[in-house]
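The values are calculated or read from the model by the stated rules, or taken from the named source; none is laboratory data. This is a predicted model, so every value here is computed, not measured. Ideal geometry is used to build each Cβ from the backbone, glycine not excepted, and the neighbour counts take in all protein chains shown. These area figures cover heavy atoms from the full protein model, side chains too; ligands, DNA and RNA do not enter into them. Shrake-Rupley method; radii C 1.70, N 1.55, O 1.52, S 1.80 Å.
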Amino acid sequence: MAKDPFQYIFRFCCDPGFNDAEEIEALNRYVDEADIDDVAIFANVEEINTGHMSFEEQDVFLAMMRKVRDLMVQKGISISVNQWHSVMHADLGKHLAPHQHFRPMVDIKGNQADLCVCPLCKNWQAYIGRIYARYAELDPSILWVEDDFRLHNHDPLIWGGCFCDEHMKLYSERAGRELTREEFLAGILQPGEPHPYRKIWLDVARETMLNAASAISSAIREVSPNPKVGLMSSVPYVHAAEGRDWHAILNTLAGGQTPVNRIHLPGYQETVPSVYLHNLNMVSMMNRAMIPENTEVYPELENFPFSLFSKSRRFTRFQLLSGLPLNLAGITIDLYDLNGNGIVFEDGYQHMLKQVKPYLNELTRMGVFRGQRRGVQVLYSQRSSYHLHTCKGESMEELYPQECFWAGLLPAMGIPYTYCDHIPEQEIVAVSGQALRNFSREDVISLFEKNFVILTGDAAQTLMDLGLGHLAGIESVRWVKQDNGTYAYEQVTNGRTYRSRKNARASAIVVCSDVLDVTYAADAEVTEYSAMYDSFRRRTLPGQCVVNNKVLIYPFGHFDAPGHIPVMLLNTLRQELLQDVLLHAGAQFPMVLGSPYLEPHYLSCSDGEYLYLVNGSSDAVESVRLSGCCLSEKVSVWHSADSQLREAACTQDLLELTIPNMETVLVKLK
């Protein structure tokens, strides 16, 4: 039986001995009604987790898995195994069993976990390897490693680990002297130029998880060469603080097979579609950029705490549609309680899944999302935590890089983007946070010589810190705090009309950000697009300025967190102004005019260029205006609303098509 291009992997929770016969029969019905391709069977999961389960407990799950496997094989459906714990997510009041001589994880303050373990513990590695080896005997399609396979976020530990005695010996050996936790942490977080202890921490953390991954993979391969090993991953800028090497971790787990990743979709509960897309672009799309290109990606579609109260069918469908630009092999589906309640047919998710599958299959079969993503190049690095400067030196969260800002802002404003971890040429490159610290002095100079560069206030400050402010025509900078009276709004000063208004204004108070006050060099050619004004209508600071026709200084910055976009920065004036700058910079990609949150993904394929439009607004789009591309009289359009292929008429920059809210279209541009 031929596999669907887009695979549904249904994560199935059944509590052996508790209505299990009924639930397996319900599964037998559900896979037909929802068009499921693979059943990933949970073991020792969530509410019914007993800690690091014994092999006797595993025997019970193995017996159930064999029943499900034998039933599914008759339908041509494969099974996977979703072991719920490795290191363990959290203690949750549990303790290691007396026979489990595992070394507990220890946090930055020396607190010791009761259940969460140190990933370098040899006893635990032997145990978890055997757990997975026994699953491998079932010959499943995928063996899943959950997202507790990390160092951060192991409640009740402070941030995470591991700072156990064995790890402290490793850190001390590399430092060449015996270290206390306190002095080691102080070095890791030292403000300003990174202390050598930072590299020791990140290197050892990286090696720790690779060592544990190798233990799991090796045990599996001793049993079978067949199962793929999939990793559930969390937020990439948080993983950066523990030095994760995405290629190494996935390839190590894969053990010669194709790497598999269950990327986090950031919507466990339903939220505003536009906010969801911000997070999708800043978390999931960044994660996709970091992993090997050939990785099979099955994101985590989940509605915790599991009911229509958490997430509607329509929003769940929107997640499927909006996730396609991740270049997916399919999706993992986790929609029902993990306490043994079983499948809830009354919620109707199965009908939605079956209805949308043909569209997902067709677009995946076309291979559009394997094409080259084009648009503004958003600069980032996997190794940012090695180089960034902390400010206070007080918490591990200061090691989280803030390089994804533009990936959230640009598509919301109708501008396509792609992540970029190298210095490109002849592109428009957007830089936020301290991304420039990841590159050599020569690379930074090349960036400004060969591209049009957009800098947030933080990125401009970093450029100055590097002693390279002259590349952007900057003489000096100072930060001005929001709401201290210096500025209240931004006003257009270039004489152009935006939003059909002369001297248009955009607010800059309360929910905006700090602003970088830039003094430009006397010999710099500065084209001021806007300036900042106080409440008394006095011009106080330069606003958005293009310098030497090569750099846009976007002065906003000091954002609250890596995934934060101040809502005041999202409005039609700032959209029009930014798009105007990009057009004058020679943008070679289409942009959506107006239509807030109609997000474009622009892809070049062997058979032409495609534009995938995702409507994250709560309003329908009645027609689409585009700039930066030449349209034919008619174009081919695939509509998610009814899975139909149609032709749409075009007049100059206008596409005559309707996109309902939370729906998508794929347009082939000729």
From zero outward in steps of 10 Å, how is the percent of C-alpha pairs of the range 537-577 spread across the bins? 21, 45, 32, 2
Which whole-angstrom value gives the distance between the alpha carbon centres of the range 632-656 and the range 393-436? 32 Å
Measure nothing fancy, just the Cα-based angle from helix 122-136's long axis to the longest principal axis of the chain, in degrees from 0 to 90, nearest 10. 80 degrees
Which length gain, in nm to one decimal place, applies between Gln100 and Thr651 when the Cα-Cα distance is subtracted from 0.36 nm times their residue separation? 191.3 nm
Taking the Cα atoms only, what angle lies between the long axis of helix 20-33 and the longest principal axis of the chain, rounded to 10 degrees? 40 degrees
With a 10 Å radius around each residue's Cβ, average the other Cβ atoms per peptide and rank 610-622, 23-35, highest first. 610-622, 23-35
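Sort 411-424, 92-105 by packing, meaning the average of other beta carbons within 10 Å per residue, with the highest value first.
Sorting 411-424, 92-105 by mean packing, highest first, produces 411-424, 92-105.
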Keeping all protein chains in position, work out how much accessible area Met53 exposes to a 1.4 Å probe, and write it in Å² to the nearest 10. 0 Å²
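Might you report the magnitude of the Cβ-based charge dipole of the chain about its Cα centre, with Lys and Arg at +1 and Asp and Glu at -1, to the nearest 20 debye? Working shown, then result.
Working: 58 positive and 83 negative charges, 278 e Å.
Computed charge dipole of the chain: roughly 1340 debye.
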Along its principal axes, what span do the Cα atoms of the range 271-426 show, with the longest given first and each in whole Å? 52, 43, 30
The range 273-291-the range 107-172 distance, computed between alpha-carbon centres (Å): 27 Å
Cα-based Rg then Dmax for the range 247-359, in Å, read 14.8, 43
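With r defined as the distance between the Cβ atoms of Arg478 and Phe304 and R0 fixed at 60 Å, what FRET efficiency is calculated, to the nearest 0.05? Each step should come with its number before you reach the end.
Values: r = 45 Å, r/R0 = 0.74.
Between Arg478 and Phe304 the formula returns 0.85.
For Ser274 and Asp619, calculate 0.36 nm times their separation in residues minus their Cα-Cα distance, and state this gained length in nm to one decimal. Working shown, then result.
Working: separation 345, 0.36 × 345 = 124.20 nm, distance 1.11 nm.
Going from the current span to full extension adds 123.1 nm.
Over the chain, with every protein chain in place, what whole percent of the accessible area is carbon and sulfur at 1.4 Å, could you tell me?
Numbers: 11830 of 24800 Å².
Percent of accessible area from carbon and sulfur atoms in the chain: 48.
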Which is farthest toward the positive dipole end of the chain among Gly192, Pro424, Ala212, measuring Cα position about the Cα centre, with Cβ charges +1 (Lys, Arg) and -1 (Asp, Glu)? Pro424
Note to self: with every protein chain in place and a 1.4 Å probe, the range 153-212 gives an accessible area per residue in Å² of 45 Å²
Specify which residue in the list Met286, Leu335, Val546 is farthest towards the positive end of the charge dipole of the chain, using unit charges on the beta carbon of Lys, Arg (+1) and Asp, Glu (-1), about the Cα centre. Val546
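Taking the inverse of the average 1/r across all pairs of different Cα atoms in the range 420-571, what Kirkwood radius in Å do you get?
Its Kirkwood hydrodynamic radius stands at 15.9 Å.
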Return the distance in nm (one decimal) between the two label points of a simple spin-label model at Ala522 and Glu137, each offset 7 Å from Cα along Cα→Cβ. 8.3 nm
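Quick check on the range 400-465: what are the equivalent-ellipsoid semi-axes from the Cα gyration tensor, as sqrt(5λ), descending, whole Å? Don't skip to the answer; put the middle values down first.
Details: eigenvalues 69, 43, 20 Å².
After scaling each eigenvalue by five and taking roots: 19, 15, 10 Å.
I need the peptides 142-150, 521-529 ranked by packing, meaning the mean over residues of other C-beta atoms within 10 angstrom, with the highest value on top. Show your work: numbers first, answer last.
Values: 142-150: 22.9, 521-529: 14.2.
So the order, starting with the most tightly packed, is 142-150, 521-529.
Per residue and in cubic angstrom, what volume does the convex hull of the Cα atoms of the range 532-670 have? All intermediate terms of the calculation are to be shown ahead of the outcome.
On the way: hull volume 22.6 nm³, N = 139.
Dividing the Cα hull volume of the range 532-670 by its residue count gives 163 Å³.
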Using protein chains only and a probe of 1.4 angstrom, how many square angstrom of Ser446 are accessible, to the nearest 10? 20 Å²
Which value results for Rg/Rh of the chain when Rg is the Cα radius of gyration and Rh the Kirkwood radius based on the inverse mean 1/r? 0.98
Pulled fully out, how much extra length does the chain show between Ser500 and Glu178, if you take 0.36 nm times their separation in residues and subtract their Cα-Cα distance? 109.2 nm
Just to confirm, what accessible area per residue do you get for the range 291-441 at 1.4 Å probe, in whole Å²? 32 Å²
Taking every pair of alpha-carbon atoms in the range 266-305, give the share separated by more than 15 Å as a whole percent. 48 percent
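Any chance you could tell me what percent of the C-alpha pair distances in the range 1-156 go past 25 Å? Walk me through the numbers before you get to the answer.
Numbers: 4234 of 12090 pairs.
Roughly 35 percent, once rounded to a whole number.
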On each of the three principal axes of the Cα atoms of the range 158-280, give max minus min coordinate, whole Å, ordered largest first. 47, 44, 23
